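Take a look at the structure below.
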Amino acid sequence: YNEYQAEAGFLSFFEADFRNALLNDTITVAKSSTDGGGSEQITRKVRLLTETEVGLGNENGIAEGTKWPRFTDNNSRLAYPTAEAVSKSEYTSSSLNASSPWWWWLLTPNAGNANNVRNVNSDGSLSNNNAYNGNNGVRPDLVENATE
């Protein structure tokens, strides 16, 4: 629903000093059964949170990082879109507004279905959705070098 092909990219909106302070983050991630199952390690400066990190379990028995203390229950996983995100969205659902929780993508695949990726529902519970579906939000993870 939101076409980003013409956008400069997520990190382009940050100042150069901030971008330069971002560290690479290596994490073990689950693979879907159609990708051979099991897990692999990825390294990124920016990535989505995982099912494990938000306290919703381990996909296919694979721990993707460790549970973050801030995620204690469904209420702690609620995320609200900003007013700017709502105003710029091409998604036309009347339920998309800055005062209501919204779905957001996780990095975790649905291990049994290559078309689906895990997401957090607007009530904070775990679900999955078609990976090509453009109506979920993102909640990126960044690792910053705090000494700079």
Taking Rh as the Kirkwood radius computed over C-alpha pairs, what is the Stokes-Einstein D of the chain at 20 °C in a medium of viscosity 1.002 mPa s, expressed in µm² per second?
130
Highest-MSF residue in the chain out of ALA111, ALA98, ALA79 [GNM, Cα springs under 10 Å]
ALA98
The chain: longest segment with zero exposed chymotrypsin sites (Phe, Trp or Tyr not before Pro), where exposed means DSSP loop plus at most 10 other C-beta atoms within 10 Å, is residues 5-131
At 1.4 Å probe radius, can you tell me the per residue accessible area of segment 1-109 in Å²?
61
Run the accessible area of segment 1-67 with a 1.4 Å probe and give the carbon-and-sulfur part as a rounded percent.
46
What helix-only [θ] at 222 nm does the chain give? Using -39500 (n - 2.57) per DSSP H run of at least 4, over all residues, to the nearest 500, the answer is -2000 deg cm²/dmol
Among the lysines, select those whose C-alpha is under 23 Å from the C-alpha of LYS31, and discard any that sit fewer than 8 residues away in the same chain.
LYS45, LYS67
Size of electric dipole in segment 6-148: Cβ of Lys, Arg +1 and of Asp, Glu -1, about Cα centre, debye, nearest 20:
200
For segment 62-76, in residue order, the Karplus 3J(HN,Hα) values (coefficients 6.51, -1.76, 1.60; θ = phi - 60°; whole Hz; Gly and Pro = x) are 9, 7, 9, x, 10, 5, 7, x, 5, 9, 10, 7, 4, 4, 6
Identify which of SER87, SER125, SER32 has the largest mean-square fluctuation in a Gaussian network model of the chain, with springs joining Cα atoms closer than 10 Å.
SER87
Calculate how many DSSP beta bridges within segment 69-148 are antiparallel, expressed in % of all such bridges and rounded to the nearest 5.
90
In whole Hz and in residue order, list the ³J(HN,Hα) couplings for segment 88-94 that follow from phi through the Karplus curve 6.51 cos²θ - 1.76 cosθ + 1.60, θ = phi - 60°; x for Gly and Pro.
9, 6, 8, 6, 9, 5, 5
Solvent-accessible surface (1.4 angstrom probe) belonging to THR34, in square angstrom, nearest 10
90
Just in segment 15-88: which trypsin sites (Lys or Arg not before Pro) are loop by DSSP and have at most 12 other Cβ atoms within 10 Å?
ARG70
Among residues other than ASN128 whose Cβ falls under 13 Å from its Cβ, what is the net charge (Lys/Arg +1, Asp/Glu -1)?
-1
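The values are calculated or read from the model by the stated rules, or taken from the named source; none is laboratory data. Predicted, not measured: the structure shown is a model, and the values here were computed from it. Here the Cβ is made from the backbone with ideal geometry for all residues, glycine too, and neighbour counts use every protein chain on show. We work out accessible area using only protein heavy atoms, side chains counted, and drop any ligands, DNA or RNA first. Shrake-Rupley method; radii C 1.70, N 1.55, O 1.52, S 1.80 Å.
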